[in-house]
Amino acid sequence: MYPTEEARDNKGRNELGMDAKGETNLVDFFRNMPARVPGTVRIFDRQEFYCVLGDDALFVADTVFKTHSVLKYIGRSNNCSAYCTLTPTACKAFLRDALTAKQLRIEIWQQAEGGRRGASWELARQASPGNLQEVEDLLFLDADIVASPIVLALRTKVQDGQCVVGAAYA
């Protein structure tokens, strides 16, 4: 009912931690980005969370949250864009699903050093289903996910009238 102390301190800032000028700069940067390869999702690293804009935000809302109620809008009325935010845990789960099951490409952008209020971003990491090296720490760092793979092979054949089963595992 009453604004919290934190809300009073962040007056003029949205969920992304940006003021209106920062929002406008981010939307302008996003709109002026070079064309991407079809099947690519662009994610913006905001240090404490991740942000996805435009059509990618709609895709993430459908895929991760299964609802559009998580979508918010930033920018001016004539130049606004949908966005949604992901916690690091949700982003890691999305990356695993997108790269392995959905076979998508991923680009992770972070704000450039000395960049002014959301205006300059640089491509920090990119990954595809066949090239996971740059995001291995995000995908496979959790001990509960990483397990030694076990491979089992069975071979059956009939030899001298008897069924012979061979098994090998590693």
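The values are calculated or read from the model by the stated rules, or taken from the named source; none is laboratory data. On a predicted model such as this, the values are computed, not experimentally measured, just so you know. When we count neighbours, we look across all protein chains shown, and the Cβ atoms used for this are built from the backbone with ideal geometry, even at glycine. Each accessible area value is taken on the protein alone, full model and side chains, heavy atoms only, with ligands, DNA and RNA left out. Shrake-Rupley method; radii C 1.70, N 1.55, O 1.52, S 1.80 Å.
Got a number for carbon plus sulfur as a percent of region 19-75's accessible area, 1.4 Å probe?
Numbers: 1500 of 2870 Å².
Reported share for carbon and sulfur atoms: 52 percent.
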Residue separation between LEU58 and LYS21 times 0.36 nm, minus their alpha-carbon distance, gives in nm 10.9 nm
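Between ALA112 and THR87, take the C-beta separation as r, use R0 = 25 Å, and let me know the FRET efficiency to the nearest 0.05. Please report the intermediate quantities before stating the final value.
Working: r = 24 Å, r/R0 = 0.95.
Computed FRET efficiency for ALA112 and THR87: 0.60.
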Pseudo-spin-label distance ARG155 to GLN133, built 7 Å along Cα→Cβ, given in nm, is 3.5
A correct Karplus calculation of ³J(HN,Hα) over region 52-61, with 6.51 cos²θ - 1.76 cosθ + 1.60, θ = phi - 60°, whole Hz and x for Gly and Pro, returns 10, 10, x, 4, 5, 5, 4, 4, 5, 4
With x for Gly and Pro, the residue-by-residue ³J(HN,Hα) of region 41-50, computed from phi through the Karplus equation 6.51 cos²θ - 1.76 cosθ + 1.60 at θ = phi - 60° and given in whole Hz, is 10, 9, 10, 9, 7, 10, 6, 8, 7, 10
